[in-house]
Ligand code: DAL
Ligand code: ZN
């Protein structure tokens, strides 16, 4: 819960003067935590359109603009990685801390399966999914080039070191998957494609795909219980490409 700010006696008088608050005090009602948290938080603080914004929303209705955008602060991740892994600097710092804390607490390891992907590497990724699943299947699991969060340098697919279930829904049942689902928000990450939200996000459940949005927004998503960025920002469901 957000800390309650101490208020001055003048402030206290102002509060008591408010009929609504006074009524709540009389009946002993306490405003809901989520409503307080959400009311506090400025949802217009950062751009949702600028590809350099930590809040940029990429989905099937919102290609990155320009579609070949490349972040200018990519750094190599200093964590175990299956393929060479880069993220934007703030996201990289947060991943490193998150993986280290997980290891300290459990003695187990997490690794990057896939992090930043350029437009051209998303071409290969998407095409290989089309070869395996056909276009309809591929579109439920992989973004088309220019539409992927991986191209923002703020998204990472995480797997268990030495574990099975990489990039499979059973990752949700691993120690790593469970810990991430509970704690990733503390590091500024959000599970971007939750279970049961395909009609909103356009993608099947991906318990491994985490998106860095910064600790302020991640906390507000956690406290309000809103599961998708689309819903939180009042954007249309992104089930299909236009
Ligand atoms: N797997 C996610 C949707 C991507 O390709 O960006
Ligand atoms: Zn991913």
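Read-outs throughout are calculated quantities, based only on the coordinates presented, and are distinct from any laboratory measurement. Note that the structure is a prediction, hence the values are computed from the model and not measured. Heads up, the Cβs are rebuilt from the backbone with ideal geometry, glycines too, and the neighbour counts pull from every protein chain shown.
Computed values, structure above
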quantity	calculated
Relative exposure of 60, 175, judged by other C-beta atoms within 10 Å (fewest first)	175, 60
Estimated inter-spin distance, residue 42 and residue 239, nm [label 7 Å along Cα→Cβ]	3.6
Cα gyration tensor category, rounded, prolate or oblate, for segment 31-126 with a/c compared to 1.5	oblate
FRET efficiency for residue 53 and residue 120, using Cβ-Cβ distance with R0 set to 22 Å, rounded to 0.05	0.45
Distance from segment 89-116 to segment 177-202 (C-alpha centre basis), Å	16
Rounded if a/c under 1.5, otherwise prolate or oblate - segment 96-242, Cα gyration tensor axes	oblate
Theoretical gain in end-to-end length, residue 127 to residue 78 [0.36 nm per residue, Cα-Cα removed]	14.7 nm
Ranked packing of 147-156, 84-93, most packed first, by mean Cβ within 10 Å	147-156, 84-93
Whether segment 160-239 is rounded, prolate or oblate, judged on the alpha carbon gyration tensor where a/c under 1.5 counts as rounded	oblate
FRET E, pair residue 135, residue 166, Förster distance 35 Å, beta-carbon r, rounded to 0.05	0.90
